[in-house]
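Chemist: Following this message is one structure expressed as structure tokens.
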Amino acid sequence: MAVRLSTWFLNQGISGLNCKHTNARITFPSSHRLLPAYCKMRQRNLSSQHKRQQLKKASHEQSLTNGDLQPNNDEDPDCETTSLGSVPNLNQESISSDAVRTSIAVEHKNAKDLSGLIVSDETKSLAINVDGAEKLSGIQLEDLIGMIRNAEKNILLLNQARVRALKDLEMILTEKEALQGEINILGMKLVETDARIKVATQEKIHVELLEDQLEKLQNELTYKGGTQSSEVDVYENQSILLNEGVSLRHKNGISSLSTELNSLKSENMSLKNDIEALKEELRIFKTTDERVVMLEKDRSSLESAMKGLESKVSESQEDVSQLSTLKVEYKDLWEKVEHLQLLLDKATKQADQAIIELRQNQELRKKVDKLEESLDEASVYKLSSEKMQQYNDLMQQKIKLLEDRLQQSDEEIHSYVQLYQESIKEFQETLNSLKEESEKKALDEPVDMPQEFWSRLLLIIDGWLLEKKISIDDATLLRDMVWKKDGRICDAYKVCMEKNENEALFTFLRLISSPTSPGLHIIHIAAEMAPVAKVGGLGDVVTGLGKALQKRGHLVEVILPKYDCMQYDHIRDLRVLDVMVESYFDDRLFKNKVWVGSVEGLPVYFIEPLHPDKFFWRGQFYGEHDDFKRFSFFSRAALELLLQAGKKPDIIHCHDWQTAFVAPLYWDLYAPKGLDSARICFTCHNFEYQGTASVSELASCGLDAYQLNRPDRMQDNSAHDRINPVKGAIVFSNIVTTVSPTYAQEVRTAEGGRGLHLTLNSHSRKFIGVLNGIDTGAWNPSTDAFLKVQYSANDIQGKTENKEAIRRNLGLSSAAVRKPLVGCITRLVPQKGVHLIRHAIYRTLELGGQFILLGSSPVPHIQREFEGIANHFENHDHIRLILKYDESLSHSIYAASDIFIIPSIFEPCGLTQMIAMRYGAVPIVRKTGGLHDSVFDVDDDAIPLPFRNGFTFLNADEQGLNGVMERAFNLYMKNPGRWQELVQKVMSMDFSWDASAAQYEELYSNSVARARATKEQRK
């Protein structure tokens, strides 16, 4: 319980748990780092006095009714605070290891001195240190609920601020569009005015030309003379008249043109003024645009803060569920304490009663003394009177009576004190037993620490082993303690924070015992691992399966090449070991650096070959001319690392042709060297890729090419002068799997086996198909940060909002809300049925739907074809093609789609249909491979109703696709209620790795058990 309480403090961000003496101190950090500075929200900042008041209040509520039992809440000014925000690294961070202690001091003391009376074993102070199980006495569940409510209020304020920011943004965009429209109108007017000015200018030039011609005619007539004077006179008269007419028209035209020109100039000036005003508004708008950018930044930061608060709320809710069990234990312990306290109260009351009687006896003693004095005086005068004698006798009787009574009171007081001491002793013994029981329970239970913590410990231990600082046996025992999540090694790690490496080694070696491992030791050797090195589904399988097996109690490790193009930001605590691993290749030894780190909570070893060809520094994972050499080198280096590290795994799991070399290398070269504890499991994710090469290239990694180039070994079934790594892995592995049961049947046929069907059939007893799963934590619509609105199967309204959001973002029409949206996310390769995808685009348009395609093709002519389709539908209201891969957009398409289409020609497993259903998109798939194992037609009466979750077709042609699309569209358009039920059903289906991990666990265990039985028989 103590460990779980510490974990609760860790999750809530409590910055320190460190107490000295009998004082308890709990320090809460300021929440400044949770929200950005511009979020004007009330933040909690608990001063030390406020903390003391809260602790006193909590202690007062649980204090006993007797005033003698008081909790001490005074703070020790020397208490240290240590951050528990994350799991610290050795010699860099510090976690306080002091336990939280609560002190209950009970002290009973006489107020007055009882003269003449000595009581043995005076009332002593009782100090009750409640360690571990009683930590919760100072912390109430109400405090946690208050924190959760405050977080919910902060989330509400963040949502309100976000809504206000979006409203301001919409208003600004509306104003921008209006201003843009005005600018366009004024621009058109300006162009029209310029055109009219040009026309007027041309007319003016034409008139000037006419004047020049007329002047030339006049000059010619002046030089003419002669006999035709009368005709000339007539002509001159006509010319004068004509000239006057032209001059008059010219003047009139000039005046009208001048008037029109002046009006145009004035209009032009006004337009220029308007344009200047609009420019000024545009400058203001640009300033507003900057404000929009700032608002966007604020909104993004608000969203990130809100997500942080939501994650803390979810963590708090998880801790509340854990606290419920702690509360039951706490109540049980508190009831026992209360029972003991009742006994203590009873004994205390009896002691108080005894003290009262003691005081009465003291008064009687004084009276007796006075009576004795009176007797002395009476003895002088006893002869004086008979009456005095009688008085003396009476006094003697009274004295005797008082003495008897006093003796009886002393005996009662002694019995009360003895009973009180026995009660205290019983209480202390019960309390000690409770403490021992709590400590024993804390040691027996696994320590609840983050998986990254245990991965870091494993990597530290392996680093010491490779650096020859500890022996193989010591490393094995320490690994087992980490494997069992032993609290002792966790405490030792915390103690060693401030120590040097030699002191840490000594501390760890003192812990070594001989426990047995609770599960299997599994090592994956692969070319991919999501998210650091992912090309396809292989990376998802390595990470998803590894995490699921780790969750089931097995030790899982991964070995990868150290690519230069990895996503290094996803690797935690990456460091290089001070050791070189030498491996054989091309008749010589090459050194390899070994790096360690953790990915998704899994310990990972990265091998960096110091080879002159720089095998994994090419800027890409695959596609190099020497891939055969690159990955055969890596396979041998990985086995060499296991040998030199002294590891004894139960299972070595290799994947695809890139690490298929591991199987023959293990049995031919490394099992004879002592690396013989493991069984080999090989998984082929796609039999289309087999990595064949010439026989001569196999010798580079040290294998005997002549012996292995045989039909029953690694010789390719189609070309006898080539080596097939996948075939070699099938022959040499103990377990052979692929990624779905139906695909396992398909590849045993001549059509689906790609030349390996005969080999698979001959090894069918060890060949099985296991359906992959998906990471339901990464693909979760209720927590997906890429979505505009999160939603779940119980509340699918957010799916409609995401649909409207992607329509706006991609420029699709939103006129018809009920128009179905068809999504497709895929690599455009022949395997995926590109001709059916192309047909689905046009068929969707005919049926009245919308279509979104996300993906690209490595095949040039397919890429060009779809680029042409994308250009054709570039501004279309219902079709959009995005010919690239975009992670955030893929999440949005899954969430927005009503229907998801996967018309693959063959599909080993496929994760797309599982992710689509997780987000409420009903799949349309062709019945092949993993699609056939995960999607069942809603109209197939042979399938039980709870399993019907999509639409399927068999023939890979347009006619088959037409029929299934029409059925899906009819159900969506004509029966909305049934469609909504179908959406909720597919979202509730479990496609996690749990079932797949259970199958692999059974395969591993059976293989290991057979191997151990065989060894026992040989003995």
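Chemist: Looking only at segment 547-568, how many residues end up being surrounded by fewer than 22 Cβ atoms within 10 Å (Cβ to Cβ) and either over 18 Å from residue 535 (Cβ atoms) or in contact with a Pro (Cβ under 7 Å, 6 or more places away or on another chain) (or both)?
Modeler: 5
Chemist: Would you confirm whether or not segment 696-706 contains a residue that is under 28 Å from residue 544 (Cα atoms) and surrounded by fewer than 24 Cβ atoms within 10 Å (Cβ to Cβ)? Give the derivation first.
Modeler: So the first thing to find is which residues in segment 696-706 are under 28 Å from residue 544 (Cα atoms), and the list is none.
For segment 696-706, residues under 28 Å from residue 544 (Cα atoms) and surrounded by fewer than 24 Cβ atoms within 10 Å (Cβ to Cβ): absent.
Chemist: Please find, among 615, 606, 628, the residue that is touching a residue at least 12 places away in the same chain (Cβ under 8 Å) and more than 34 Å from the chain's Cα centre (by Cα).
Modeler: 628
Chemist: Identify the single condition in (1) crowded, with 16+ Cβ neighbours inside 10 Å; (2) at pLDDT 85 or above that residue 535 does not satisfy, given that it satisfies every other one.
Modeler: Single failed check for residue 535: (1).
Chemist: Could we say that residue 971 is without any contact (Cβ under 8 Å) to a residue 60 or more places away in the chain and surrounded by 15 or more Cβ atoms within 10 Å (Cβ to Cβ) here?
Modeler: The answer is yes for residue 971.
Chemist: Also: Looking at (1) of a type outside the set (Phe, Trp, Tyr); (2) modelled with pLDDT under 75; (3) surrounded by 12 or more Cβ atoms within 10 Å (Cβ to Cβ), which is the only condition residue 238 fails?
Modeler: Only one criterion in (1) of a type outside the set (Phe, Trp, Tyr); (2) modelled with pLDDT under 75; (3) surrounded by 12 or more Cβ atoms within 10 Å (Cβ to Cβ) is unmet by residue 238, namely (3).
Chemist: Hey, among the residues in segment 950-980 that are part of a helix (DSSP H, G or I) and among the aromatic types (Phe, Trp, Tyr), which one's nearest to residue 901 (Cα to Cα)? Steps first, answer last, please.
Modeler: Within segment 950-980, the subset part of a helix (DSSP H, G or I) is 958-974, 976-980.
Checking the rest, the ones that are also among the aromatic types (Phe, Trp, Tyr) come to 969, 972, 979.
Details: 969: 12, 972: 15, 979: 16 Å.
Here the residue is 969.
Chemist: A further question follows. Tally the residues that are closer than 30 Å to residue 397 by Cβ and either touching a residue at least 12 places away in the same chain (Cβ under 8 Å) or surrounded by 15 or more Cβ atoms within 10 Å (Cβ to Cβ) (or both), restricting the search to segment 314-359.
Modeler: 6
Chemist: Does segment 892-912 contain at least one residue that is within 21 Å of the chain's Cα centre (by Cα), hydrophobic (A, V, I, L, M, F, W, C), surrounded by 15 or more Cβ atoms within 10 Å (Cβ to Cβ) and part of a helix (DSSP H, G or I)?
Modeler: yes
Chemist: Looking at segment 605-618, is at least one residue more than 24 Å from residue 473 (Cα to Cα), acidic (Asp, Glu) and surrounded by fewer than 19 Cβ atoms within 10 Å (Cβ to Cβ)?
Modeler: Scanning segment 605-618, I find at least one residue that is more than 24 Å from residue 473 (Cα to Cα), acidic (Asp, Glu) and surrounded by fewer than 19 Cβ atoms within 10 Å (Cβ to Cβ), so the answer is yes.
Chemist: Mind counting the residues in segment 855-891 that are in contact with an Asp or Glu (Cβ under 7 Å, 6 or more places away or on another chain) and either assigned to a helix (DSSP H, G or I) or over 15 Å from residue 841 (Cβ atoms) (or both)?
Modeler: Within segment 855-891, residues that are in contact with an Asp or Glu (Cβ under 7 Å, 6 or more places away or on another chain) and either assigned to a helix (DSSP H, G or I) or over 15 Å from residue 841 (Cβ atoms) (or both) number 1.
Chemist: Could you tell me whether segment 802-809 includes any residue that is surrounded by fewer than 17 Cβ atoms within 10 Å (Cβ to Cβ) and either within 23 Å of residue 971 (Cα to Cα) or touching a Pro at 6+ places or on another chain (Cβ under 7 Å) (or both)?
Modeler: Scanning segment 802-809, I find at least one residue that is surrounded by fewer than 17 Cβ atoms within 10 Å (Cβ to Cβ) and either within 23 Å of residue 971 (Cα to Cα) or touching a Pro at 6+ places or on another chain (Cβ under 7 Å) (or both), so the answer is yes.
Chemist: Please work out which one of (1) more than 24 Å from residue 896 (Cβ to Cβ); (2) surrounded by fewer than 22 Cβ atoms within 10 Å (Cβ to Cβ) is the condition residue 989 fails and give its number.
Modeler: (1)
Chemist: For residue 637, all conditions in the list (1) out of contact with any helix residue (DSSP H, G or I) (no Cβ under 9 Å at 6 or more places or on another chain); (2) free of Cβ contacts under 8 Å to residues at least 40 places away in the same chain hold save one; what is the number of the exception?
Modeler: (2)
Per-residue answers, yes or no, for (1) crowded, with 22+ Cβ neighbours inside 10 Å; (2) of a type in the set (Val, Ile, Thr); (3) not assigned by TED's automatic domain parsing to the domain that holds residue 541:
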position	(1), (2), (3)
692	no, yes, no
741	no, no, no
752	no, no, no
761	no, no, no
777	no, no, yes
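Chemist: I've got another one for you. Any residue in segment 473-484 that is buried (at least 19 other Cβ atoms within 10 Å of the Cβ) and modelled with pLDDT of 80 or more sitting within a Cβ distance under 8 Å of a residue that is part of a helix (DSSP H, G or I) and of a type in the set (Phe, Trp, Tyr)? List the pairs, counting only those 6 or more apart or interchain.
Modeler: Qualifying pairs under 8 Å: 475/464; 478/508; 482/454.
Chemist: Another one. Only one of (1) in contact with a Ser or Thr (Cβ under 8 Å, 6 or more places away or on another chain); (2) modelled with pLDDT of 95 or more; (3) not in a loop (DSSP other than H, G, I, E, B) is not met by residue 840, so which one is it?
Modeler: Answer for residue 840: the failing condition is (1).
Chemist: Yes or no: residue 995 of a type outside the set (D, E, K, R), surrounded by fewer than 16 Cβ atoms within 10 Å (Cβ to Cβ) and under 36 Å from the mean Cα position of the chain (by Cα)?
Modeler: yes
Chemist: If you check residue 984 against the conditions, is it polar (S, T, N, Q), under 36 Å from the mean Cα position of the chain (by Cα) and in a helix (DSSP H, G or I)?
Modeler: It is true that residue 984 is polar (S, T, N, Q), under 36 Å from the mean Cα position of the chain (by Cα) and in a helix (DSSP H, G or I).
Rundown of residues vs (1) among the hydrophobic types (A, V, I, L, M, F, W, C); (2) touching a helix residue (DSSP H, G or I) at 6+ places or on another chain (Cβ under 8 Å); (3) part of a loop (DSSP other than H, G, I, E, B), yes/no style:
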{"site": "776", "(1), (2), (3)": "no, yes, yes"}
{"site": "781", "(1), (2), (3)": "no, yes, yes"}
{"site": "784", "(1), (2), (3)": "no, yes, yes"}
{"site": "789", "(1), (2), (3)": "yes, yes, yes"}
{"site": "801", "(1), (2), (3)": "no, no, no"}
{"site": "813", "(1), (2), (3)": "no, yes, yes"}
{"site": "818", "(1), (2), (3)": "no, yes, yes"}
{"site": "824", "(1), (2), (3)": "yes, yes, no"}
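Chemist: A follow-up question, please. Among the numbered criteria (1) within 25 Å of residue 951 (Cβ to Cβ); (2) in contact (Cβ under 8 Å) with a residue 24 or more places away in the chain, which single criterion is violated by residue 842?
Modeler: For residue 842, the exception is condition (2).
Chemist: Right, next: I need the full set of residues from segment 529-576 which are in contact with a strand residue (DSSP E or B) (Cβ under 8 Å, 6 or more places away or on another chain), more than 26 Å from residue 999 (Cα to Cα) and in a helix (DSSP H, G or I), in order please.
Modeler: Correct list: 568, 570.
Chemist: If you check 158, 166, 144, which single one turns out to be in the same structural domain as residue 307 (by TED's automatic domain parsing), in contact with an Asp or Glu (Cβ under 9 Å, 6 or more places away or on another chain), modelled with pLDDT of 80 or more and more than 30 Å from residue 426 (Cα to Cα)?
Modeler: Criteria check complete, one pass: 158.
Chemist: Return only the number of the condition from (1) free of Cβ contacts under 8 Å to residues at least 40 places away in the same chain; (2) in the same structural domain as residue 739 (by TED's automatic domain parsing); (3) among the hydrophobic types (A, V, I, L, M, F, W, C) that residue 817 does not satisfy.
Modeler: It fails just one condition, (2).
Chemist: Please go through segment 909-949 and pick out each residue that is touching an Asp or Glu at 6+ places or on another chain (Cβ under 7 Å), under 18 Å from residue 984 (Cα atoms) and among the small types (Gly, Ala, Ser).
Modeler: Result: 921, single match.
The values are calculated or read from the model by the stated rules, or taken from the named source; none is laboratory data. Note that the structure is a prediction, hence the values are computed from the model and not measured. Glycine gets a Cβ as well: all are built from the backbone with ideal geometry, and neighbour counts include every protein chain shown.
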